[in-house]
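Novice: Got a structure here, written out as structure tokens. Questions coming.
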Number of protein chains: 2
Amino acid sequence: MNDDEHSHSNRMEATVRELLTEMKDASEAIVDLAYASLMYNSRDMADKVHEMDDDIDNMKFEIRTKVIMAGRSKEDARDMTGVLQVASAADRISEAAGEIVKLLDVPKEERPFINEIINESDEKIMMIRISRRSDMAGNTIDQLAVEASTGTKIIAMKNRYGWIYNPDGDVKIRAGDDLIVNGSQDGFNRLKKFASGDCPWEFPEAESEEE
Amino acid sequence: MNDDEHSHSNRMEATVRELLTEMKDASEAIVDLAYASLMYNSRDMADKVHEMDDDIDNMKFEIRTKVIMAGRSKEDARDMTGVLQVASAADRISEAAGEIVKLLDVPKEERPFINEIINESDEKIMMIRISRRSDMAGNTIDQLAVEASTGTKIIAMKNRYGWIYNPDGDVKIRAGDDLIVNGSQDGFNRLKKFASGDCPWEFPEAESEEE
């Protein structure tokens, strides 16, 4: 293999790796979002689940194509088989999310059981509004390190522009935003104190200050 | 329906609900555990994944039997269809976990990609040891409210008696225990300070003290 071919193969790898990381992340978020759509009876969220399901499906085919086109050595082939296997697992999980959101077609009052189960499980899904008094407002999700500080993960949020699903760390939280989070009851109680403004946010120490 | 039949049907419901909640919780834990088995090349964990996969399969069949035997009214039937659908989704997720652990058959050095992907994804999996200096030692997971306080979830732990998977809240953490957690990098950094004893644990305020 000459240098050109080698760098070509490395580029392939980077893309397959990026795609697979995205698939794995999406497959974890989509199940939460599917349950949240039932909890809040949200057709919007269910549509997003279908859209993500399609994206995951497309990524799976893209990965397959790239793996085949890469025409790799025998040694790499086992790793690539592993990649296909994880991709197929992520796809299967997203299909499960698709099954869950189908329940939205059953009117909410005819599926009391389902909401009870989501309420009773270890990982709960809850909605909370950011108060004007909360010092969370005006900061990004990364600045707040919401998950590390409260143990809850923002799976969707609604701000003045509309819904954002599985928001990135650089999304800014503002007063009046509704967050849909999942986590334990303890974590939710903690978040509630901050979101209401009853407790000041404990900003994580900046790494530079420690040095 | 007379009172006897009604209470019989309520008992059925309670059991179906309990089973389905357990299935949902297990289906969320099993995927984490499957990725952790690859990260730590652990045959033990992979065996536990297979065991949980079997349990979930059995619960699915038990739920189906109970739903059919309950012989319900038309109104309840839609809710029960929903139950079967969530059960089937949970089962599908556990099958995906089974696919992931199959990769353990590929020697670790022949699947470098997979570990990189788990490392690069939003939800990371990490192992940490509880130091003698840590005041986490001697407290239960619930007392510490680990998830709410650090944003990391304990998916497995190894203590002097062996491995515990998806540990309950009443499990006590002791010096020398190894915890396998998942969560964000920020959450892990936070946990590390507590586990090493560099920072005192911030015990959640007891609810009674607030009143």
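Here, each number is a calculation from the coordinates, and none is a lab measurement. Given the structure is predicted, the values throughout are model-derived calculations rather than measurements. Glycine also receives a Cβ, built like all others from the backbone with ideal geometry; neighbour counts cover every protein chain displayed.
Novice: When you have a sec, figure out the Kirkwood radius of the stretch A:122-210 from all distinct Cα pair distances and drop it here in Å to one decimal?
Specialist: 13.0 Å
Novice: Going by the alpha-carbon gyration tensor, a ≥ b ≥ c the square roots of its eigenvalues, is chain B rounded (a/c under 1.5) or, if a/c is not under 1.5, prolate (a/b greater than b/c) versus oblate?
Specialist: Oblate is the answer for chain B, as a/c is 1.5 or above yet b/c matches or exceeds a/b.
Novice: Could you pull the copy-to-copy label distances for A:ASN41, with points set 7 Å along Cα to Cβ, in nm to one decimal and sorted shortest first?
Specialist: Here A:ASN41 shows inter-copy label distances of 5.4 nm.
Novice: Quick one: with label points 7 Å out along Cα→Cβ, list the inter-copy distances for A:GLU202 in nm, shortest first?
Specialist: Label-point distances to the other copies, shortest first: 0.2 nm.
Novice: With unit charges on the beta carbons (Lys and Arg positive, Asp and Glu negative) and the dipole taken about the Cα centre of chain B, which residue among B:ILE154, B:VAL86, B:ILE118 sits farthest to the positive side?
Specialist: B:ILE118
Novice: Rounded to whole Hz and in sequence order, give me ³J(HN,Hα) for the stretch A:155-164 from the Karplus expression 6.51 cos²θ - 1.76 cosθ + 1.60, θ = phi - 60°, writing x for Gly and Pro.
Specialist: Values per residue, Gly and Pro as x: 9, 7, 8, 10, 10, 4, 8, x, 7, 10 Hz.
Novice: Okay, moving on. Would you pull out the residues with amide H under 5 Å of B:ALA175's amide H, same chain only if 5 or more places away, H placed 1.01 Å from N?
Specialist: Close amide H contacts, sequence-distant or interchain: B:GLY138.
Novice: Can you list which of the DSSP-assigned H helices in chain A have a Cα extent of 24 Å or more along the long axis and an average Kyte-Doolittle score of at least -1.0?
Specialist: Going by DSSP H runs, the hits are A:3-39, A:43-70, A:74-101.
Novice: Cα-Cα over 26 Å: which of A:LYS193/B:LYS158; A:LYS153/B:LYS193; A:LYS24/A:LYS108; A:LYS172/B:LYS124?
Specialist: Details: A:LYS193/B:LYS158 34 Å; A:LYS153/B:LYS193 21 Å; A:LYS24/A:LYS108 30 Å; A:LYS172/B:LYS124 23 Å.
Correct reply: A:LYS193/B:LYS158; A:LYS24/A:LYS108.
Novice: Can you list the copy-to-copy distances for B:GLU99, using a point 7 angstrom from Cα toward Cβ, in nanometres, shortest first?
Specialist: Label-point distances to the other copies, shortest first: 1.3 nm.
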